[in-house]
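To start, the structure under review is shown below, and the notes come after it.
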Amino acid sequence: MNETLRFFIDILIGAVILIIACTRFTRCCIKIYHILYMIIGIFILTYFLYPIAESFSSYLVVGYTVSIALIKQKDKYKNCILSILGYLYNVLFNYVCMAVVYFITGLNIMEFSWYNITLFNIFYIFILFITMSCIKQIFHKPLDFFFTHKFNTKTVVCIGLYIAICAAILITNFASSQYMGYPIFSVILNCFLFLVYFALTIILLLQTIKIIKREAYEKQKLAEFKSLQEYTEKLENLYQQMRSFKHDYINILATLDCYIEQRDMDGLDTYFHSKILPTGKQFSQDTSSLGKLANVQILELKSLLYQKFMRAASLHLQLDIDIPDPVTSSGSMEPVDLSRIIGIFLDNAIEAASETDEKNLYCGLLQKDNNITIHLTNSCRMNDIPIEKLFKNGFTTKKPGHGIGLFNVKEILGKYPDVLLHTECRDSHFTQELHIPHC
């Protein structure tokens, strides 16, 4: 086999390894034409730059591969971080494999024939793909949080810079070792150093996610506490209204009696509709809404529902609440996850209903044998909402920049395969029905 053909086979194998390394940890949807662009670009860059820059052309090759992978992708910064992290893992794993080969055979891999090195690389492609897939599966919860949580820009930039600096150091080291022919002392030393680098990077990411999770949990608890405070204050206000109403009951009857004795029906009509009836309606509405929430005994959910119902009332929605029995359990779901899902559903329902003439919003909660059914129906302007696309990342029927809420619902429900969600749009009404089995 001539040298040119070997050179192209080496580039092809290297391209496949690099593509796996830079995309396996990410959530990039890689199309076939993206892969072709990557392979062609890697061929061109390697063919023309390698004779000039030799192994240091790796900087451009890695940068090009990552850039192509991120084309038309959501969460570019986060996917870029995971892409570079995947490359770091590839470098580390490559050194580990070469060290293992040395301890088994007593030979440096560069002393093998071209055919044996090619077989090693083909085998390496398979084990690289398998190990990266396993790591992605093991760390799927931190990855889910990493993608669904809105980090502040400073945090993302700091993590990205740290990983980029690590990648630059490793690429330089890797290129130098390749130029020297992978001397065995360099393989073992780099294997140890890269392992430390990679371990520190993983620890940094996990600790960052852990800290942000704790902060998010504390913020959520604080918001729930404030909602419960508002709920309690509202109940106290209602209690004071009831006491005041009881105290003033005789006086109210006396004022009515004056109009009746004087046969002033017009004055009585004006006084009743302007003074008494509005107060009674407000009193009745507040008592009815808060009274039905008394059946919700999950504090996180109660505070959320109270907050959303008050917002719906402020937008003058026709609110119908049906909670006939006590709701004491969130079934197989964590209360926090259930609250997140219901919050997203209610936000969408309130916004959609407020844009219609009917302004209808129905919320029903039913618990039976610890099985929970939650039913939400709202009026909407559209009859042909594409249900199959609603839960895709970025899809929205609203203004650009929305479309993340229902995707987050899909991510949360991925942790609960026994939970059923039915979504329907019919007769200008949109329905979400959630069935949660018992634990």
For segment 299-370, projected area of the alpha-carbon convex hull averaged over all directions, nm²: 4.7 nm²
Probe 1.4 Å, all protein chains present, accessible-area order of THR423, THR328, largest first: THR328, THR423
Amide H within-cut-off set for VAL296, under 5 Å, with H built and near neighbours excluded: VAL327
Peptide ranges 345-351, 197-203 listed from the most packed, as the mean C-beta count within 10 angstrom indicates: 345-351, 197-203
Listed residues SER332, SER67 arranged by accessible area, highest first, probe 1.4 Å: SER67, SER332
Across LYS210/LYS292; LYS210/LYS308; LYS72/LYS302; LYS154/LYS359; LYS154/LYS410, pairs whose alpha-carbon gap is larger than 31 Å: LYS210/LYS292; LYS72/LYS302; LYS154/LYS359
Stretch gain in nm, segment THR4-ASP144, where the contour uses 0.36 nm per residue and the Cα spacing is subtracted: 45.9 nm
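The values are calculated or read from the model by the stated rules, or taken from the named source; none is laboratory data. None of these values were measured; they are calculated from a predicted model. For neighbour counting, all protein chains shown are included, and Cβ atoms are generated from backbone atoms with ideal geometry for every residue, glycine included. Surface areas here come from the heavy atoms of the whole protein model, side chains and all, with no ligands, DNA or RNA. Shrake-Rupley method; radii C 1.70, N 1.55, O 1.52, S 1.80 Å.
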